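Down below is the structure, laid out as structure tokens.
All of the numbers you see were taken from the coordinates with simple rules; none came from a lab. Given the structure is predicted, the values throughout are model-derived calculations rather than measurements. Every residue, glycine as well, gets a Cβ built from its backbone with ideal geometry; the counts of neighbours run over all protein chains shown.
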Amino acid sequence: MRVVIQKDFLSMSKWAAKLIADRINEFNPTPDRPFVLGLPTGSTPVGTYKELVALHKEGYVSFKHVFTFNMDEYVGLESDHPQSYHTFMWENLFNHIDIKKEHVHIPDGTAKDLEAEALRYEEVIKAVGGIHLFLGGVGGDGHIAFNEPYSSFDSRTRVVTLTEHTRRANSRFFENKIDLVPRHALTVGVKTVMSAKEVMILISGANKAQALHAAVEGPITQAWPISTLQLHKEAIVVCDEAACGELKVSTYNYFKALEEALV
Ligand code: GLP
């Protein structure tokens, strides 16, 4: 695992956006050989999306031959609902880059048959040859996508019930009213994320310090879904100083020294 510690949210976002753009450019995607990118929502990736838009506007990267797969969507929210993850993605990223609408994939939380939608989503990912780079955030309780604590490490896309912790955390987008936050979501599984060739997780802020500790130092346990990252061969955690409060000093120094030796 690579742990990249940046000064603050802005430098974390710039670092992550540059890595994504470089991976796309190195891959040199074509219509027959698209780059496949997994994407999250939440406040953490907003800065990275801003930087990606800037890199696109200055001509550094094109998304013309990039396919995207979003991690999750609330069950029951229409795609044009202001808090749907569809709306979030178009407002924060897709409307500002040259991606083709037909290359964007987001689970349909309004599908009549949600189980069928979940299976279809996995099939489409498989059909394009899997995900090259999955970008993710993490919940304060260690959840990835909407895989709450104790989700199986073997899970694939499915319907899940959100915990009170997650609904409370996300109620800030729903007028701070927990009752307005949907109770269920359609989410890729832990295994779906971990099957990507490379996984990059963004962790920012003191409220994520426990999650960063669990990701890097904690035991591998389904109680902290993020801890499964330790088993991935190409995992990168990009975090800011504020999130490092629960890391051992020796762990912090070790990863800092590793990155310094690279440049
Ligand atoms: C939601 C999303 C996750 C995200 C998490 C943390 O639950 N489903 O993908 O990682 O929120 O969000 P934030 O970055 O706003 O803290």
Open item on the list: What would the Debye equation give as log₁₀ I(q)/I(0) for the range 149-218 at q = 0.11, 0.19, 0.20, 0.28 Å⁻¹, counting only Cα atoms as equal point scatterers?
Closed with: -0.35, -1.03, -1.10, -1.19
TODO: Just the ratio, please: alpha-carbon radius of gyration of the chain over 2.2 N^0.38 Å, N its number of residues.
DONE: 0.95
- [ ] Quick one: which residues, 5 or more positions from V4 or on another chain, have an amide H under 5 Å from its amide H? H modelled 1.01 Å from N in the peptide plane, none for Pro or chain starts.
- [x] V237, V238, C239
Task: Local electrostatic count at T157 - Lys and Arg +1, Asp and Glu -1, tallied over other residues with Cβ under 12 Å - done: -2
TODO: In debye, nearest 20, what is the charge dipole magnitude of the range 149-263 about its Cα centre with +1 on Lys and Arg Cβ and -1 on Asp and Glu Cβ, if you could check?
DONE: 480
Open item on the list: Could you order the peptides 239-249, 189-199, 159-169 from most to least packed, using the average number of other C-beta atoms within 10 Å per residue?
Closed with: 189-199, 239-249, 159-169
Task: Size-normalised alpha-carbon gyration radius of the range 113-239, reference 2.2 N^0.38 Å - done: 1.05
Open item on the list: Can you list residues from other chains, or at least 5 along the same chain, whose modelled amide H is less than 5 Å from the amide H of G136?
Closed with: M200, I201, L202
Open item on the list: Restricting to DSSP loop positions (anything but H, G, I, E, B) with no more than 15 other Cβ atoms inside 10 Å of their own Cβ, which GluC sites (Glu not before Pro) remain in the range 5-77?
Closed with: E58
Task: Selection from M71, S151, L258 lying farthest towards where the dipole of the chain points positive, charges on Cβ - done: L258
- [ ] Using amide H atoms built 1.01 Å from N in the peptide plane, name the residues 5+ places from F67, or on other chains, whose amide H lies under 5 Å from its own.
- [x] F35, V36, L37
- [ ] Enter the mean projected area of the convex hull around the alpha-carbon atoms of the range 71-126, in nm², rounded to one decimal.
- [x] 4.0
Task: Entries in K64/K208; K100/K126; K7/K100; K57/K256; K64/K233 that, when Cα-Cα distance is taken, lie over 26 Å - done: K64/K208; K7/K100; K57/K256; K64/K233
- [ ] Find how many whole Å separate the alpha carbon centroid of the range 88-116 from the alpha carbon centroid of the range 208-242.
- [x] 27
